[in-house]
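The block underneath contains the structure these notes are about, expressed in structure tokens.
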Amino acid sequence: MQTYDDLPKLARDYLLYLLTIKGRSQRTVDGYAIDLRTFFRFMKLHRGQVPADCVFEEILINDIDDNFIRSVSLSDVYEFLNYTMRSRSNGAKTRARKVSSLRGFFKYLTVNTQLLTDNPVKNLEIPAAKKSLPIHLSVEQSVKLLDEVGARSSGTQYRDYCILTLFLNCGMRLSELVGINLSSFDRDSGALKLLGKGNKERLVYLNEACQDAIDNYLTKERGQLKTIVDKDALFLSCRSGKRLGARQVQLVVSGALKAAGLDHMGFSTHKLRHTAATLLYQEGNVDLLVLKEMLGHANVGTTEIYTHVSNKKVQEAAAKNPLAHKKKR
């Protein structure tokens, strides 16, 4: 666990609160730490407490005290967001994350520690970001990707095929796939326990393709490894016998996409999650609430984006208009 020693004490306390009490993931908390670090460095620069020509990343902030934090105003935050947009080229999405980090921090200072009587960012709005539809593979492209990996003759073809099969069928996140253990399976029910965002557990049920891919990998590759360090981990490095890391999985996916001629389309591990969700909704007619539970979304509003991914149903609706075939005489 990181200690965040370079941050002000109140910020360190807040981050540890997120980790230990709120159960946020290490990756999420590290992101909040980056945002708070940038904010406090900007504040010192903005208030002239460091030379104007100093190296921004070298500005020391662990000496910031309670009075400094009490003096932060909404105008300061507006200046900060303007700085991140103009000097750091942060887009609306990145600035929105920074706003979320600051709102959470100052809410903690107001509600939990009661250091502040008034929250200076209570009325701070999230920057409007352009909403784009998620990119996804078609059924044909998904089949091509799996066939390409399945036809390989390498020491990891069964593992790589299993990884892609789980992504495309279960719509799991990268962190969820990496964290799968052998003890996560219930063979009788075909259920797989995943650990999602905020350390929330959920069950997904494995179809025939997933179970077959896992069985082949376990018997034909994993079972043949001479060295196994992380005995409960499902996906292992064939060299070290340790749990496969997120970066290694990303390389597996990007390599498979390149081999299938799909790498030019900007796909990634998360795009495979989008693909699973889109195919389930558009082609499989899975109910939106069921899809929400399967993907581990906190609310159905997040899942609703998949109702707009394809124009197929819109085209079908237009064709059903009773005037669709009326032409000028």
Point to revise | Count of segment 77-118 residues which are more than 27 Å from the chain's Cα centre (by Cα), of a type in the set (S, T, N, Q) and within 19 Å of residue 12 (Cα to Cα) | key: 4
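Identify, from the list 94, 110, the residue that is of a type outside the set (Asp, Glu), out of contact with any Cys (no Cβ under 7 Å at 6 or more places or on another chain) and surrounded by 17 or more Cβ atoms within 10 Å (Cβ to Cβ).
Values: 94 fails: surrounded by 17 or more Cβ atoms within 10 Å (Cβ to Cβ).
Exactly one of 94, 110 is of a type outside the set (Asp, Glu), out of contact with any Cys (no Cβ under 7 Å at 6 or more places or on another chain) and surrounded by 17 or more Cβ atoms within 10 Å (Cβ to Cβ), namely 110.
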Check your understanding: Say we look at segment 45-76 and pick out the residues that are closer than 21 Å to residue 109 by Cα, among the hydrophobic types (A, V, I, L, M, F, W, C) and part of a loop (DSSP other than H, G, I, E, B); which of these is nearest to the chain's Cα centre (by Cα)?
Key -> 61
Check your understanding: Is it fair to say residue 143 is assigned by TED's automatic domain parsing to the domain that holds residue 209, out of contact with any strand residue (DSSP E or B) (no Cβ under 6 Å at 6 or more places or on another chain) and either surrounded by 15 or more Cβ atoms within 10 Å (Cβ to Cβ) or in a helix (DSSP H, G or I) (or both)?
Key -> yes
Practice item. Can you work out which of the residues in segment 77-129 that are in a loop (DSSP other than H, G, I, E, B) and in contact (Cβ under 8 Å) with a residue 60 or more places away in the chain is farthest from residue 17 (Cα to Cα)? Key: 115
Revision key, fill the gap. The lone condition residue 123 fails out of (1) outside the structural domain of residue 13 (by TED's automatic domain parsing); (2) surrounded by 16 or more Cβ atoms within 10 Å (Cβ to Cβ) is (2)
Check your understanding: Which residues, counting only those in segment 1-34, are surrounded by fewer than 16 Cβ atoms within 10 Å (Cβ to Cβ), of a type in the set (A, V, I, L, M) and in contact (Cβ under 8 Å) with a residue 24 or more places away in the chain?
Key -> 1
Check your understanding: Do the conditions hold for residue 196, that is, is it in contact (Cβ under 8 Å) with a residue 40 or more places away in the chain and surrounded by fewer than 18 Cβ atoms within 10 Å (Cβ to Cβ)?
Key -> no
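Just give me the residues in segment 220-239 being part of a helix (DSSP H, G or I) and either modelled with pLDDT of 95 or more or touching a strand residue (DSSP E or B) at 6+ places or on another chain (Cβ under 8 Å) (or both), in sequence order.
We begin by selecting, within segment 220-239, every residue part of a helix (DSSP H, G or I); these are 220, 222-224.
Within segment 220-239, 222 is the sole residue that qualifies.
Can you confirm whether segment 154-174 contains a residue that is assigned to a strand (DSSP E or B) and closer than 20 Å to residue 292 by Cα?
Narrowing segment 154-174 to residues assigned to a strand (DSSP E or B): none.
Within segment 154-174 (the criterion being assigned to a strand (DSSP E or B) and closer than 20 Å to residue 292 by Cα), the answer is no, since none of the residues qualifies.
The values are calculated or read from the model by the stated rules, or taken from the named source; none is laboratory data. Predicted model only: the values in this text are computed from it and were never measured. No Cβ is skipped: glycine too gets one built from the backbone with ideal geometry, and neighbour counts run over all protein chains shown.
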